[in-house]
Amino acid sequence: MIISALNKYYEILSHDEDSDIAMYGFSKVKVSYKFCIDKNAKLIGIHTLENIKKTGKKEIEIPMIMTVPQPAKRANNIVANFLCDKAEYAIGLPVNENEKEKTTIRFASFKKLHKDILEGAKNYYGDIFLKFLNTFSMENYEEILNPLKANLSNGGFIVFEIDGKLLHEDQEIKELWLKYTNSETDKLPVMQCAVTGKKANIAILHPSIKNVRNAQSSGASIVSFNADSYESYNKTEGQGLNSPISESVTFNYTTVLNHLLASDNQKVQLGDATTVFWAESKDKGYTDFMNFLISPKPIAEDTIQNERLNRNIEYEKNILGILNAYKEGKKPDFDSVKLNPDVKFYILGLSPNASRISIRFFYSNSFANIVNTISQHYRDINIEKMFSNQPESIPIWMLLAETENPNSRNDTNPLLGGSLMRSIFTGNMYPRILYNLIINRIRCDRDDKDKHIEQINYVRVSIIKGYLNRYSRISKTEHFKEVLNMSLNEKATSTPYLLGRLFAVLEKAQKDANPGINATIKDRYFSSACATPAAVFPTLLKLAQAHISKSDYGYISERRIAEIMEAIQKPEFPKHLSLEEQGVFIIGYYHQSNAFYKKSDKEQTEKEQIIENKGE
């Protein structure tokens, strides 16, 4: 199904005049050098081909991307490419002293390929190039090659220009290449294609997939077999015959997948999963919408800044309007973004696995349904922010980042990204491991400004709220409903929620008594209070009395403590809280702590009255 969907998307793009997708027999390749040859078949210069790409505040030089004849998949074989290859093939430049003999064979392979395709065609540029290859020697061009010899040995691709014309762009040479490619395809075994159902020449080796994070830089395979155990049913040639896909479909799906992976607008990184997405449409609006949805960006008021980032703010506001409509239970207006809600949409997550690529997740549905489920996700995790500059909609990568141990070099759990994405796209329960990891991080971490660590923060509490929201909805229980609000619910009667609020009040009393204190009761007691309240709260209440007696506003803290203690229905503190109850405790603490920074008029009046009375 994945290959079929990719194949269909390639066909859509191939008929789109505005698309830059490579046509059959060609591929987009990063080219580092251009060899300039005159009409006398002499090398007259080498140009470095580079583009400047901005990554944040830095500017880096990257090779130029060109559409060239499709490179061969070599593995450990000696196979030359047509008109675009590395120096060890194109001019016989050895990578090191040990490779001299192999390099001689590689250069001979390069010359033979071009002779087979170009000889006798009577093409002006082709004849000059063949003459250049037949007369080329390193000694004749030492002055030109020596300054770049070390760089050329590093493996950058080379193209050739004759008399101002790039050979791979000549139309007649392109046709010669396609004729040769088709003749090679005709030599492949004929079987029924698993995608189209038609009999066709079956690909033996599938082209490599590149730009999957942490996969081999040279590319890796999705379809690949390399063990005798796969040579069943007389398929002794192995490789692609075990998964019969026609040569044309193989080209289509690998080309369009590499196209997606090279894109900035149709690719995001979620944990270890390099994720691409596309719609069954040539309209880029669907992918722009989804890119904004998966990685929400704040809409700045600075017009100049937005123009510099090439952002269509009006369009993004329309997207937010659709999201808000879902949140409020209203019918979304897809006409405002000129998109068809019924168009089929696909999301594919890829992860590295040795020399192969594994499918971390794959999901397809109508565009409207996917937008709906993602909107539901943002609705579930929505909670009051700690600071105004925090995102309204938390990007998925930010949720995953909170599960990482800040003192460890280990990355996010490799299974977590896929599990989380599946739950978001299907509307099912968030993975239990996500919730457990966040509770564990809150237990283990301590506030550290230097390391930018916050024990209890906006993102972590959003995850807890989201998990409990889905837990309540899917299990059809009302147990946690009263505490899963955006902000403080002073009428809530849940004991874990009240205990979380109580802890925040006790901490505030300590801060009022000791302004500027570095470490509070949260650093020492929070984990224990959250898990085993009965063992901790009696001690905390005794400490609070000392803090209240020192504070100018101790009366306010004392009143808050009394109100919460009165609301707790059980006469004794619980000995243990379950993991779900611990999450409620944390939400209660977070809500109450946030409320302290929104001073009510009544509270401010009380403080002013105390000061006035003291003055009298």
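The values are calculated or read from the model by the stated rules, or taken from the named source; none is laboratory data. Predicted model, so just to flag it, every value in this text is computed and none were measured. Don't worry about glycine lacking a Cβ; one is built from the backbone with ideal geometry, like all the others, and counts go over all protein chains shown.
Can you find a residue in the range 136-157 that is surrounded by 15 or more Cβ atoms within 10 Å (Cβ to Cβ) and among the acidic types (Asp, Glu)?
no
Tell me yes or no: at least one residue of the range 502-514 is within 37 Å of the chain's Cα centre (by Cα) and either surrounded by 14 or more Cβ atoms within 10 Å (Cβ to Cβ) or assigned by TED's automatic domain parsing to the domain that holds residue 555 (or both). I'd like the intermediate steps shown before the answer.
First, the residues of the range 502-514 that are within 37 Å of the chain's Cα centre (by Cα): 504.
Applying the additional criterion that residues be either surrounded by 14 or more Cβ atoms within 10 Å (Cβ to Cβ) or assigned by TED's automatic domain parsing to the domain that holds residue 555 (or both) yields 504.
Checking the range 502-514: at least one residue is within 37 Å of the chain's Cα centre (by Cα) and either surrounded by 14 or more Cβ atoms within 10 Å (Cβ to Cβ) or assigned by TED's automatic domain parsing to the domain that holds residue 555 (or both).
For the range 442-479, enumerate the residues that are of a type in the set (D, E, K, R), within 22 Å of residue 384 (Cβ to Cβ) and touching a residue at least 24 places away in the same chain (Cβ under 8 Å).
Matches in the range 442-479: 445, 447, 460, 465, 470.
For the range 574-616, which residues satisfy the criterion of being surrounded by 14 or more Cβ atoms within 10 Å (Cβ to Cβ), at pLDDT 90 or above and assigned to a loop (DSSP other than H, G, I, E, B)?
Those that are surrounded by 14 or more Cβ atoms within 10 Å (Cβ to Cβ), at pLDDT 90 or above and assigned to a loop (DSSP other than H, G, I, E, B): 574, 577.
Show the residue pairs meeting these rules: Cβ distance below 9 Å; 6+ apart or different chains; first residue within the range 277-290 and under 12 Å from residue 344 (Cβ atoms) and touching a residue at least 12 places away in the same chain (Cβ under 8 Å); second residue small (Gly, Ala, Ser) and part of a helix (DSSP H, G or I).
278/5; 279/285; 280/5
Hey, can you tell me all the residues within the range 556-573 that are part of a helix (DSSP H, G or I) and of a type outside the set (Gly, Ala, Ser)?
Narrowing the range 556-573 to residues part of a helix (DSSP H, G or I): 556-567.
Answer for the range 556-573, where residues must be part of a helix (DSSP H, G or I) and of a type outside the set (Gly, Ala, Ser): 556, 558, 559, 560, 561, 563, 564, 565, 566.
Tell me the residue from 126, 197, 156 that is touching a residue at least 12 places away in the same chain (Cβ under 8 Å) and within 36 Å of the chain's Cα centre (by Cα), please.
On the way: 126 fails: within 36 Å of the chain's Cα centre (by Cα); 197 fails: touching a residue at least 12 places away in the same chain (Cβ under 8 Å).
Every option except 156 fails the conditions.
What number of residues in the range 161-194 are part of a strand (DSSP E or B), closer than 15 Å to residue 26 by Cβ and either free of Cβ contacts under 8 Å to residues at least 40 places away in the same chain or not assigned by TED's automatic domain parsing to the domain that holds residue 120 (or both)?
Of all residues in the range 161-194, those part of a strand (DSSP E or B) come to 161-162, 165-166, 190-192.
If we keep only those that are closer than 15 Å to residue 26 by Cβ too, we end up with 166.
Right, trim to either free of Cβ contacts under 8 Å to residues at least 40 places away in the same chain or not assigned by TED's automatic domain parsing to the domain that holds residue 120 (or both) and you get none.
The qualifying residues number 0.
Would you point out the residue of the range 442-469, among those that are crowded, with 20+ Cβ neighbours inside 10 Å and of a type in the set (Lys, Arg), that is nearest to residue 380 (Cα to Cα)?
Top of the filtered list is 465.
Mind listing whichever residues of the range 404-440 are surrounded by fewer than 21 Cβ atoms within 10 Å (Cβ to Cβ), within 16 Å of residue 457 (Cβ to Cβ) and under 18 Å from the mean Cα position of the chain (by Cα)?
404
Given the options 430, 435, name the one that is modelled with pLDDT of 85 or more, part of a helix (DSSP H, G or I) and among the hydroxyl-bearing types (Ser, Thr, Tyr).
Numbers: 430 fails: part of a helix (DSSP H, G or I).
Going through 430, 435 in turn, the sole match is 435.
Just for strands (runs of 3 or more DSSP E) wholly inside the range 7-123: which have at least 2 residues that are surrounded by 12 or more Cβ atoms within 10 Å (Cβ to Cβ)? Working first, answer last.
Values: elements: 26-37, 43-48, 50-55, 58-69.
Qualifying strands (runs of 3 or more DSSP E): 26-37, 43-48, 58-69.
Which one of these is touching a residue at least 60 places away in the same chain (Cβ under 8 Å) and closer than 20 Å to residue 174 by Cα: 144, 117?
Working: 144 fails: closer than 20 Å to residue 174 by Cα.
Checking each option against the conditions leaves just 117.
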